[in-house]
Structures are given as structure tokens and as C-alpha cells.
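Chemist: Before I ask anything, let me first share the structure, which is written out below as C-alpha cells.
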Amino acid sequence: MGRKLLEETMDGNPVPHISDSFYSCLDCHACLYVCPAGVNAGNVSLLSREIITSSGDRKNENPYARMIVEVTEKYGNPLGVRSRSAGWAEGIHFDEKAEYLLYTGNMFQLMPYTKNLNSARKRMGSSLSNFMASRVANHPSLIRLLSRMRDREMELKNSGTLRNIVKLLRLSGVSFSYLGEKEPYPGTFIYDLGYIEKFKKYSNYVYSALKESGSRKIITVDPHTYELLKNIFPLYISNFDLEIYYYLDLVRMPSIPRGNEKVVFHEPCHFALRDPKYSKPLQVLSGSANTVLAKRSGNRTRCCGGPDELTFPELSEKASQIRYDELKSTGADCIITACPICNVNLSKENRTMEIADYLASKLPG
Ligand code: SF4
């Protein structure tokens, strides 16, 4: 049935762009909590993307999805910018052979590129941009062009967030090392875009790189990498024996006097909808600020639209505006996110802050 749906006609009737439905699914899993039969449509989409990518028939494959996977395989990074991924840590001295390994997963470092890539894509139009996407992996000059496309203001801001995470962990007495430029991208896109056979190989490469550090305890800094390492890697790696943490699991905030400020916390799908019992970010934030939630929260939270930013930018923008309006309608002074993708997508009118930046701003001194 899945293969039949991917054909252009079914029983003689045209089936327009059915593959777009599978690719545009945000993978948020919100449907799981509202479907009366408990059908996980997010997993149906993932499975369908796997059918598309393994069919060998490229006409249904999304050109940007293919570009991201080919570039990751070739350059160890979805946009070929691995050499810049450790720039944020300049001047920081990390422990060697420490109890924990700080694993950024490159997500904060990639966001400054996706914003400008989307603007370029809009200017080129879909035909030309799709053609360019199909050429990028095999043309080093196009990779060099991509590497110059970053939004420098956002790069500075996200570097500051990573440095604040280091500050919070150190303040909490955590000892950790960092792989620097040797840190591999975790392969999130390869998995999410349905290239499961490639992901099996890639995840084993990442696992080996993490094991080489000598630390068994891995500190992640975003919900996508946390969920991938904690729940997906063990499915594809035999004898997986790493302990996976989100950095706020280890942060101990000093007691801070609260002012009158009210903040609203946007719960990321990869925490609230994957494991509704996991509420550490909300706990830490509530301990330091007057925190409220939007009308849709917990296992009813709404996706920020971020996962579609590269592949379906218009749909992504629509989803992010709906969520932003919902958060703003709480009357909070500030919107707090705990994911670099949510942060970019919900950053409108200068009222959005990443949780590490907010917590660090409240520290004495
Ligand atoms: S976008 Fe979210 S709610 Fe919609 S089908 Fe995909 S996983 Fe389900």
C-alpha cells in the first residue's frame, strides 16, 4: 500500500505529491495523543520516508533531504561546516579524561546557516534551488559557498549559549571533556529523513568516536540529540553502554530571588511528546522564575515548525507563527525555549531566550 501511494496514479486517478505529506510531517508525535485509536502517524511518516529512500526511485525523494544526507556522509556535517563547529569554545580549557563528555551535537552551530540558506532558497525559487541541492555534495565550491552563508549575529548568540551551558555545568561542579573539531554530528537528519540503512552505519561511527573519549557519561545540550542518543542509538548499536544526560539533569542552580517577571516555557516536542514524564527543564526554570505554560502544553504541546525549516519553509513559518502567538497570548514577559531549533523559529519581536541564557543571566555576579 505504501509503495502504491507513492506512485503518481492510483486506480487511474492522480495522487498529487503524496511523498510531500511524509516529508513535511514534523515528527512531533502530537497526533499520538489525540488519535482515538492511538495510531502513531509520526512513525507512519518515518516508515514511508524509509520506503521512499530505499526504493531507489529518486523522483519521490526530497532534494534537500538527499543533499543533507550526502553532505553529512562526505563531510561529517549536514552543511559541510564541521571545521567551524568548535569555534564557540575558543579560550575555554576543558578537563581531559573526565567523568563526563560534553557533546554539543553541532545543533547550535548549524542554526546560523539554515536561516541564510532558506533566504537564498526563496530568492532562487524551487526549481533552481532543488537543482543546486542535487549538486552540492559533489562540488566543493558549493560547500565553500554554504560555509560562508552563516548569520554572524546568530552564530555569536548561539556560541554564547554554549558558553553559558559550560558556565552552568562548572558552577554545579561537573567535570567534563570536549572533543572540539573531532566531535561528530550525531546523524539526526539521516534518521529523521528516513535513511535508516545509512543511519545504522553512521550511528556506529558516532558511537565509536564518543567511546574513544573514555567517558561513559555523555552530556547533550539539545532535545533532538538527547532523544537520538538515549532512545534510537541503542536500537541500532549492539551492547550500547553510554549513559545519556541532558545538561540540566546535572545543573544545580543557587537560590535566586524572583522578581515580578513572568516567563512562559515552550516545551520541546522531543521532551514533552516523547517522554511526558521527563520535566527537568521545566523544574529547573520554575525553581528560578515565575513560570507559566501555554494553553497547549505537556502532551498537548505544539511544535515550533522547526523540523520543516529546510525542506518546507512556508509550512514551517506558518506553524511557528501559530505557536508564537499562543505563547505570547499568556502575557509573559519572555518566551523561554530549550532547543536551538525552537529558539530560532520562535525568535520574533525580541522576546525569546534560550533557557541556558536565561538561567546564566540570573546568576549572581
Ligand atoms: S506533524 Fe506531528 S501531528 Fe502531524 S502527522 Fe506528523 S507527527 Fe503527527
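Chemist: Any chance you could run the full-extension gain for Leu235 through Lys348? It's 0.36 nm times the residue separation minus the Cα-Cα distance, nm to one decimal.
Modeler: Extra length from Leu235 to Lys348 when fully extended: 36.9 nm.
Chemist: Give the list, by residue number, of cysteines in the chain with no other Cys Cβ closer than 4.7 Å, or say none.
Modeler: Unpaired cysteines in the chain: Cys25, Cys31, Cys35, Cys334.
Chemist: Here's another thing I want to ask about it. If I take R0 = 41 Å and measure r between the Cβ atoms of Lys262 and Arg144 in this structure, what FRET efficiency does the formula 1/(1 + (r/R0)^6) give, to the nearest 0.05?
Modeler: 0.35
Chemist: With every protein chain present, what accessible area does His139 have (1.4 Å probe, heavy atoms only), rounded to the nearest 10 Å²?
Modeler: Rounded to the nearest 10, that gives 80 Å².
Chemist: Along Cα→Cβ, 7 Å out, is where each label goes; now give me the distance between the ones at Leu128 and Glu317 in nm to one decimal.
Modeler: Here the answer is 1.8 nm between the modelled labels.
Chemist: Right, here's the next one. Extent of segment 169-255 along each principal axis, from alpha carbon coordinates, in Å, largest to smallest?
Modeler: 47, 25, 24
Chemist: While we're looking at this one, here's another question. Which Cα, out of Met111, Gly259, Cys269, lies furthest along the positive dipole direction of the chain (beta carbon charges, K/R +1, D/E -1)?
Modeler: Toward the positive end, the furthest listed residue is Gly259.
Chemist: Within the set of other residues whose C-beta is less than 11 Å from the C-beta of Pro112, count the net charge using Lys and Arg as +1 and Asp and Glu as -1.
Modeler: My count for the surroundings of Pro112 gives +2.
Chemist: Carbon-plus-sulfur fraction of the accessible area of segment 146-210, 1.4 Å probe, in percent?
Modeler: In segment 146-210, the share of accessible area belonging to carbon and sulfur is 54 percent.
Chemist: Let's see if you can work this out: charge +1 on each Lys and Arg Cβ, -1 on each Asp and Glu Cβ, no other charges. What is the dipole magnitude of the chain about its Cα centre, in debye to the nearest 20?
Modeler: 460 debye
Chemist: My understanding is that a pair violates if its Cα-Cα distance is over 18 Å; which of Lys182/Lys211; Lys277/Lys348; Lys262/Lys362; Lys115/Lys318; Lys74/Lys157 do that in this structure?
Modeler: Going by Cα-Cα distance, Lys277/Lys348; Lys74/Lys157 fall outside the 18 Å limit.
Chemist: What net charge do the residues around Val344 carry, taking every other residue with its C-beta under 15 Å from that of Val344, with Lys and Arg at +1 and Asp and Glu at -1?
Modeler: -3
Chemist: How many percent of DSSP beta bridges within the chain run antiparallel, rounded to 5?
Modeler: Of those bridges, close to 10 percent are antiparallel.
Chemist: Using Cα atoms only, what is the angle between the long axis of helix 313-328 and the major principal axis of the chain, expressed in degrees (0 to 90) to the nearest 10?
Modeler: Its long axis makes an angle of about 30 degrees.
Chemist: Roughly how many whole Å is it from the C-alpha centroid of segment 18-35 to that of segment 232-298?
Modeler: Rounded to whole Å, the Cα centres lie 23 Å apart.
Chemist: Moving on to the next point. Under the rule of -39500 (n - 2.57) per DSSP H run of 4 or more residues, summed and divided by the residues of the chain, what mean residue ellipticity at 222 nm is obtained, to the nearest 500 deg cm²/dmol?
Modeler: Dividing the helical sum by the residues of the chain leaves -13000 deg cm²/dmol.
Chemist: Evaluate E = 1/(1 + (r/R0)^6) for Ser175 and Ala120, where r is the Cβ-Cβ distance and R0 equals 41 Å; express this FRET efficiency to the nearest 0.05.
Modeler: Plugging the Cβ-Cβ distance into 1/(1 + (r/R0)^6) gives 0.45.
Chemist: Oh, and also: Tell me whether the chain comes out rounded, prolate or oblate; compute the Cα gyration tensor, take square roots of the eigenvalues as a ≥ b ≥ c, and use a/c under 1.5 as the rounded threshold.
Modeler: In terms of gyration-tensor shape, prolate.
Chemist: Please work out the C-alpha center-to-center distance from segment 167-196 to segment 129-145 and express it in whole Å.
Modeler: Comparing the Cα centres of segment 167-196 and segment 129-145, I get a distance of 26 Å.
Chemist: Can you work out the PRE-style zone for Lys167? Point 7 Å along Cα to Cβ, and I want the residues of segment 316-357 with backbone N under 20 Å.
Modeler: 334-340, 343-344, 351-357
Chemist: Using the C-alpha atoms of segment 276-365, what convex hull volume per residue, in cubic angstrom, is computed?
Modeler: So the per-residue hull volume is 106 Å³.
Chemist: Based on alpha-carbon atoms only, what is the radius of gyration of segment 185-233 relative to the globular estimate 2.2 N^0.38 Å?
Modeler: In units of the globular-protein estimate, segment 185-233 measures up at 1.10.
Chemist: Accessible area per residue, 1.4 Å probe, Å², for the chain: what's the number?
Modeler: Per residue, the chain has 46 Å² of solvent-accessible surface.
The values are calculated or read from the model by the stated rules, or taken from the named source; none is laboratory data. Treat the numbers as computed from the prediction; the structure is a model and nothing was measured. Glycine also receives a Cβ, built like all others from the backbone with ideal geometry; neighbour counts cover every protein chain displayed. In case anyone asks, the SASA skips ligands and DNA or RNA and just uses the protein heavy atoms, side chains included. Shrake-Rupley method; radii C 1.70, N 1.55, O 1.52, S 1.80 Å.
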